[in-house]
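The values are calculated or read from the model by the stated rules, or taken from the named source; none is laboratory data. Everything numeric here is computed off the predicted structure, so don't read it as measured data. Don't worry about glycine lacking a Cβ; one is built from the backbone with ideal geometry, like all the others, and counts go over all protein chains shown.
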Amino acid sequence: MSAACVSGCRLAAAWRVVAIVSLLLAPGAARPETDMAVWRLSGASGAMALDPMRSYAVLASEATVVRPEWRRVVEILRAKYEADVVLYPTGHPEQALPGLRRLFPNYACFVEPPETCGRGFVLTLHRLTRRLDDDPYGDLLWGILTGYAADDAARIAALREPLIIRRGATSMGPDLLQRLDVGFATNENAPSDFWQKPAGAAGVAHRAVAPDAARALAQAFREIPVDVFYTSGHATERDWQIAYNLPGGAVTHERGALCAVSADKTRYPFESPNPKVYLPVGNCLIGHIDTHDCMATAWLHSGGVVQMIGYTAVTFYGYMGWGTGLLFEDGRLTLSEAFFLNNQSLLHQLARRFPHALQAQPGTEDYRSVDAFRQRHAVRARDELGLLWDRDAVAFYGDPAWAARYPVEDSAADVVLTRQGERWTLTATVRRDGVWEDPKWGGRPLAVLLPFRLRDIANVACEPAGAALVTDRFALLPVAGRRKTGARYTLTFTAR
């Protein structure tokens, strides 16, 4: 069977392929009929996101949908979003392109068992979802829905209530806990450190643990239902090391079950079933599903993770990992939006600085060695190497339309989009002092997801001046340095 679109209303019984005769050009928020309109894209009153209803595609291979347990996952998503279903030949997700082009959805979720979700699958999805139109940027928000068992994917697919991040954990010290109601932290540079912030506490309590934080970490996960977990340091598909280049224990897995193991080999099994998101922003390989039983599937199975990002290769540059975390913590974006927009920011960097690299298509084997990657693709500059390496190597697992976000009232800026005729203005007003610059990559753009698709974009200008970008799906405003409450950034353009 070639790639085909399956009608949402005919899925339950025979998976009959039907023709799609009419589609909305710009699904999502309603376009105005008047010449002037205003959309508040974020702020204390709430945030506007793309609408997934009837603009959501569920994609699966022919081999996947004949397995009843995985077909059930597809059906849950189809019913949840009144979605269309696109099937592709087994092992060839790229052949879903005609169906995606006809639908042009806001979201696409690829449902597959873990055996087919390796690095090559992730590379293909990044490239596939940039090919719906002629520009080099992403055309929709996407995710991979899988798990140690199909029941994991079904549980994730059934979620409807959004997650507001108020409780969290991190391996990078106590700073994150200052903005959370409850949480705990380890220190990858000092294995005996452990911090905890109880409910109602104004501050964070520190204690020394021995021989390392493995036991305390397992106990905390069992007792505290955190909403988010951040990690850095060394990792593989088999483990995450609690300390960096020090004997400090690890979190491992076996048959889908997580276990903390201290340096003295004592094991502390744990489960953490409440829904959470996982950002291993600085970890190598932890997002690589190389076998049915690996770290990613264990977190999805016994760790309660319903969305996560993760490198499918080693990480040395970190733009996709750390950058997604930075955008997410800004407060305006869901995790899937932060992942999508950070990838577009990376592509914008390549287009401006190394445009020839946009055409490079590294294969799965290229990621086995950074030096071999550099030589094979004739990469000279370190930034070019890092950006190209990160471009397609990070996975997003979970339903991309399900919302996990920090409280909107904590967001760094209010963003308002206005239209008068064919002239559009995007204004960002700073709500709190801070820094829109990171030490490694300098100024990062203020990334904004547009609530509907635009056409015929032209006459782009911004204040302060810089390399702005507006596509049919998103906008990037160049910002840098310190931000001050009340400062404004303005982007103007024409579009239909």
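Worth a mention:
- Selection of region 191-215 for residues being outside any helix (DSSP H, G or I), surrounded by 15 or more Cβ atoms within 10 Å (Cβ to Cβ) and among the hydrophobic types (A, V, I, L, M, F, W, C) yields Phe194, Trp195, Val204, Val209, Ala213.
- Per-region count, region 312-346, residues in a helix (DSSP H, G or I) and either more than 11 Å from Leu279 (Cβ to Cβ) or of a type outside the set (S, T, N, Q) (or both): 22
- Residues in region 420-440 that are assigned to a loop (DSSP other than H, G, I, E, B) and modelled with pLDDT of 90 or more were compared, and the one that is surrounded by the most Cβ atoms within 10 Å (Cβ to Cβ) is Glu422.
- Test: residue in region 374-390 that is closer than 30 Å to Leu159 by Cβ and crowded, with 22+ Cβ neighbours inside 10 Å: yes
- Selection status of Glu409, modelled with pLDDT of 95 or more, farther than 21 Å from Gly481 by Cβ and among the acidic types (Asp, Glu): no
- Taking the criterion of being among the aliphatic types (A, V, I, L, M) and within 12 Å of the chain's Cα centre (by Cα), the residues of region 304-352 that qualify are Val306, Met308, Ile309, Met320, Leu326, Leu327, Leu333, Leu335, Ala338, Leu341.
- Failed criterion for Ala218 (all others in (1) part of a strand (DSSP E or B); (2) surrounded by 21 or more Cβ atoms within 10 Å (Cβ to Cβ); (3) not hydroxyl-bearing (Ser, Thr, Tyr) hold): (1)
- Residues that are aliphatic (A, V, I, L, M), closer than 13 Å to Gly321 by Cβ and not in a loop (DSSP other than H, G, I, E, B), drawn from region 258-292: Leu279
- Filter result for Arg167 (over 19 Å from Phe339 (Cα atoms), charged (D, E, K, R) and in contact with a Phe, Trp or Tyr (Cβ under 8 Å, 6 or more places away or on another chain)): no
- Leading residue by the ranking (surrounded by the most Cβ atoms within 10 Å (Cβ to Cβ)) among those in region 241-258 that are hydrophobic (A, V, I, L, M, F, W, C) and under 11 Å from Phe270 (Cα atoms): Val251
- Which listed residue is β-branched (Val, Ile, Thr) and within 29 Å of Val306 (Cα to Cα), from Val394, Val435: Val394
- The numbered conditions (1) among the aliphatic types (A, V, I, L, M); (2) in contact (Cβ under 8 Å) with a residue 40 or more places away in the chain; (3) more than 28 Å from Gly303 (Cα to Cα) are all true for Ala153 except (3).
- Conditions (1) crowded, with 20+ Cβ neighbours inside 10 Å; (2) of a type outside the set (A, V, I, L, M, F, W, C); (3) within 26 Å of the chain's Cα centre (by Cα); number of the one not met by Arg160: (1)
- The set of residues in region 259-281 that are crowded, with 17+ Cβ neighbours inside 10 Å and of a type in the set (D, E, K, R) contains only Lys276.
- Arg432 fulfils the conditions (1) farther than 14 Å from Leu327 by Cβ; (2) within 18 Å of the chain's Cα centre (by Cα); (3) of a type in the set (Lys, Arg) except for a single criterion, (2).
- Region 441-453 - residue that is crowded, with 21+ Cβ neighbours inside 10 Å and modelled with pLDDT under 85 and, of those, nearest to Trp322 (Cα to Cα): Arg444
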